[in-house]
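The values are calculated or read from the model by the stated rules, or taken from the named source; none is laboratory data. Given the structure is predicted, the values throughout are model-derived calculations rather than measurements. So basically every Cβ, Gly included, is an ideal-geometry build from the backbone, and we count neighbours across all protein chains shown.
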Amino acid sequence: MVRAENVSFRYGAGQPDEVAALFDVDLRVAPGEYVAVIGPNGSGKSTLAKHINALLMPSSGRVVVAGIDTRDPDRVWEVRQAAGMVFQNPDNQIVATVVEEDVAFGPENLGMPPAEIRRRVKEALEAVRLLEYSQHAPYALSGGQKQRLAIAGVLAIRPRCLVLDEPTAMLDPVGREEVLRTVRRLNREDGIAVIHITQDMEEAAEADRVVVMDGGRVVLEGTPRQVFARADLLRELGLEVPQVTELAQMLRADGLDIPPDLLTVDELVAALCPS
Ligand SMILES: Nc1ncnc2c1ncn2[C@@H]1O[C@H](COP(=O)(O)OP(=O)(O)O)[C@@H](O)[C@H]1O
Ligand SMILES: [Mg+2]
């Protein structure tokens, strides 16, 4: 679905103030897979995300999305249709004054016939559970609802992959949970691949795979269990591990015989109180 091969990128390449942001990054995301990307600030996560959406082109290496090389100037819109992007700030993604018009924006730009646009808008709003807000003003929605609206706007172009760049960072816990539940359902029920950049380790723990970036490189990659078992390395990078994992690792350091790679409360309970 998404293949980044040996991608290096420099902002302002060739200028005296150029900034090298990615070095030889390889990333593969299979159709329907849910991948979390974590890493400290400035590690290149957003830069990588923008490559998947053809907002940035590699300085060297290549990115292929749904079989299309993002550097192909004739197919940029196909790339953006295949991989829809949602950003951190919900307010920056609103383009219309009525919810349903906001969702219609993408399909309208693709020149779809009005009947098809209406069908897609309804379907996308249903998918994020906002259909009853069709006639509302986007600005009056809560943060979580606004992010679900942003997701609906992307869904209306029927992407095969969602790229979410810290979509919950500005939300309260309720909004976070709404957005996560929506993304999880789209992944599991509709098979949409998800690349979810997050600072929240509890969120990352729910992915099929976690990719850890530091200094513009992928430094660790594996299942959440494999990655969070490396709490030592993550702490060196200034990252946390999920709270349950941390507690389990502390108990283990105190001599309790429990595995170092627990991810859920249920697993911890089972390890402490074997039946
Ligand atoms: N528009 C830009 N111009 C110059 N440098 C940038 C720009 N955007 C990001 N950078 C630099 O690229 C590096 C990676 O940034 P970014 O991809 O935003 O990291 P992250 O999303 O992990 O915080 C950082 O050193 C950052 O300062
Ligand atoms: Mg970022």
message: Looking at region 87-122 only, could you name the residues that are in contact with a Lys or Arg (Cβ under 9 Å, 6 or more places away or on another chain), within 23 Å of residue 176 (Cα to Cα) and away from ligand 2 (no atom under 16 Å from the Cβ)?
response: 91, 94, 100, 103
query: Given the conditions (1) more than 16 Å from ligand 1 (Cβ to nearest atom); (2) free of Cβ contacts under 8 Å to residues at least 40 places away in the same chain, which single one is not true for residue 205?
result: (2)
statement: Per the list (1) at pLDDT 90 or above; (2) more than 26 Å from residue 260 (Cα to Cα); (3) small (Gly, Ala, Ser); (4) more than 16 Å from ligand 2 (Cβ to nearest atom), residue check on residue 215 breaks on (4)
- prompt: Can you tell me which residue in region 1-22 is modelled with the lowest pLDDT, limited to those that are closer than 24 Å to residue 68 by Cβ and more than 11 Å from ligand 1 (Cβ to nearest atom)?
  reply: 1
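Looking only at residues in region 85-130 that are under 20 Å from the mean Cα position of the chain (by Cα) and assigned to a loop (DSSP other than H, G, I, E, B), which one is surrounded by the most Cβ atoms within 10 Å (Cβ to Cβ)?
128
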field: Residues of region 92-111 classified as of a type outside the set (S, T, N, Q) and out of contact with any Phe, Trp or Tyr (no Cβ under 8 Å at 6 or more places or on another chain), total
entry: 11
- request: Search region 131-154 for residues being touching a Lys or Arg at 6+ places or on another chain (Cβ under 9 Å) and within 14 Å of residue 101 (Cα to Cα), and hand back the single one that is surrounded by the most Cβ atoms within 10 Å (Cβ to Cβ).
  value: 138
message: Taking the criterion of being away from ligand 2 (no atom under 16 Å from the Cβ), more than 23 Å from residue 199 (Cα to Cα) and without any contact (Cβ under 8 Å) to a residue 60 or more places away in the chain, would at least one residue in region 28-48 satisfy it?
response: no
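Criterion first (under 16 Å from the mean Cα position of the chain (by Cα) and without any contact (Cβ under 8 Å) to a residue 24 or more places away in the chain) does residue 188 satisfy it?
Working: under 16 Å from the mean Cα position of the chain (by Cα): yes; without any contact (Cβ under 8 Å) to a residue 24 or more places away in the chain: yes.
For residue 188, the condition - under 16 Å from the mean Cα position of the chain (by Cα) and without any contact (Cβ under 8 Å) to a residue 24 or more places away in the chain - is met.
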- prompt: Only one of (1) in a loop (DSSP other than H, G, I, E, B); (2) closer than 29 Å to residue 188 by Cα fails for residue 27. Which number is that?
  reply: (1)
- prompt: Hey, among 75, 10, which residue is assigned to a strand (DSSP E or B) and either more than 16 Å from ligand 2 (Cβ to nearest atom) or in contact with a Lys or Arg (Cβ under 6 Å, 6 or more places away or on another chain) (or both)?
  reply: 10
query: When you scan region 177-240 for helices (runs of 4 or more DSSP H) that lie fully inside it, which ones turn up with 2 or more residues that are touching a strand residue (DSSP E or B) at 6+ places or on another chain (Cβ under 9 Å) and surrounded by 18 or more Cβ atoms within 10 Å (Cβ to Cβ)?
result: 201-204, 224-228
- prompt: Would you say residue 42 is closer than 17 Å to residue 166 by Cβ, assigned to a strand (DSSP E or B) and not polar (S, T, N, Q)?
  reply: no
